[in-house]
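Just so it is clear, none of the values below were taken in a lab; they were calculated from the coordinates. Bear in mind that the values here come from a model prediction, so they are computed numbers and not experimental data. Cβ placement follows ideal geometry from the backbone for every residue including glycine, while neighbour counts extend to all protein chains displayed.
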């Protein structure tokens, strides 16, 4: 005879329990733990992003400060300019002993020479004075002739007239004109037509030349003020005084656009080489160049 389970007994409770309850209860205990882990992970990720953003802001600020300091240093940079060395002071002369006092000597009366008359281009030159015979011993035909120190002018006249003398001279009076010639006319005061003295008059050649730069392609760079103001083109007019060694002695800035271009053009011109100026005789002299431009472009 089987027993019948009564409600409320343990046997009845086991028989009435839902068989899927175990499956439906899976994960009920793990759900709060997963939510907590997810929230903590999300908070950590957001905190990391905030830290990276703050670090980036500090890096950007440091970069901006470095750029500002670099621009400030370039605007305040100083440049060395080569200037010509000052000339050395002259050496004082060595002290000399005082000369002994000499007894006064009577001077022979000076003979005033008459000034040569002014030459006239249209008249022939004066004739040179005649020369007298010099009494000399007949030389031995077998003896070698030594002409060292011979300085006498020997002519055919019986006396020396004086002044400018030539062996073939014909003037009977002393001739004071240094332009006298043996073929001249006695009493003449001029010179042959068209025979201008060498180095003077219309026949002289003027060899003068101005000082000039050896090259116009100068690379002087750009001043820092132009970099700061973003200026890419400028022109400076200068003139340079050039010495006999071809180097600049001084530079005169005639027009300066500012922003440091005039200062840079002057220092650049002091380093350049120049063609030396010469005078009428072709001798090197100190000369100043004509004004010329120094162009800056990039």
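Some points to look at:
- Which of 158, 279 has the fewest Cβ neighbours within 10 Å, and the rest in rising order: 158, 279
- Rounded to 0.05, the FRET efficiency of the residue 244 and residue 297 pair, given R0 = 35 Å and the Cβ-Cβ distance, is 0.55.
- Efficiency of FRET between residue 215 and residue 256 - r from beta-carbon atoms, R0 22 angstrom, step 0.05: 0.50
- Residues 181, 271, ranked from the fewest to the most other C-beta atoms within 10 Å, line up as 271, 181.
- Exposure proxy order (Cβ contacts within 10 Å, fewest to most) of 232, 177, 227: 232, 227, 177
- Protection-proxy order for peptides 19-25, 219-225, each taking the mean of Cβ atoms within 10 Å per residue, highest first: 219-225, 19-25
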